[in-house]
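J.: So that we are looking at the same thing, I have put the structure below in structure tokens.
Every read-out reported here was derived from the displayed coordinates using simple, explicitly stated rules and does not represent laboratory data. Since the structure is predicted, the reported quantities are computational estimates derived from the model, not experimental observations. Here the Cβ positions follow ideal geometry from the backbone for every residue, glycine too, while neighbour counts run over all protein chains shown.
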Amino acid sequence: MEMIAVVFPDSSIYAWVVLPLLIFLARIADVSLGTVRLVFVARGFKYLAPVVGFFEVLIWILAIGQIMQNLTNPLCYLGYAGGFAMGNFVGIHIAEKLSLGVVLIRVVTQKKAVDLIGRLREQQYGVTAVDGQGASGPVKIIFTVVRRREAPAVVDLVKQFNPQAFYSIEEVDSVERGVFPTQRQWHQLYLLRLLRPFRKGK
């Protein structure tokens, strides 16, 4: 029975093209995972973050191992640095798409906010409105806590009813009770229920 020998590529094309490209892709993967891991840590997903961290470090070790074996190849350095830079961009994009957590949207407007408050409540958002005094006179201050993925929709409503209104968006570490729209799909609810018990402070 003949033994099959595993032959690793040892050509100039592999050394100067394929290897730097693999290092570039590996760095994109591990830096992206690192960014996502930090998001999970910040959101309190303490059982999910270590899993992501395991694969992040594993990919990094493979990449740095190839660098150490090819110290005379400057393209490997460029692939490593370029992958790190691109990984930050990709990681931030992934984090934005995940849209985990909740945010507080604060709206300060000088116009009558009855229509805006009414539309927010029609959309099943919890709204708290108080009277305030601004630099130019009386203002209405509106508070609403929404899921991060729904923040753009709320901002669009603010711009639609009160284009000149001032608004700010802040991170919220955790919430108890409250009013949120019930328009999620069943698989999204199942995923949140699976992860929520692992959040900090629960």
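J.: Quote to one decimal, in nm, the extra length available between R121 and L78 on full extension: 0.36 nm per residue of separation minus the C-alpha distance between them.
T.: Net length gain for the segment: 10.2 nm.
J.: What FRET efficiency, computed as 1/(1 + (r/R0)^6) with R0 = 22 Å and r the Cβ-Cβ distance, is obtained for Q160 and F89, rounded to the nearest 0.05?
T.: 0.10
J.: Please find the FRET efficiency linking S99 to V18, where r is the Cβ-Cβ separation and R0 is fixed at 41 Å, and quote it to the nearest 0.05.
T.: According to the calculation, E is roughly 0.70.
J.: Taking region 102-176, how much of its Cα-Cα pair set, in percent, is spaced more than 15 angstrom apart?
T.: In whole percent, the long-distance tail amounts to 50.
J.: Okay, moving on. Of the listed peptides 35-42, 80-87, what is their order by residue-averaged count of other C-beta atoms within 10 Å, with the highest listed first?
T.: Ranked by mean Cβ neighbours within 10 Å, highest first: 35-42, 80-87.
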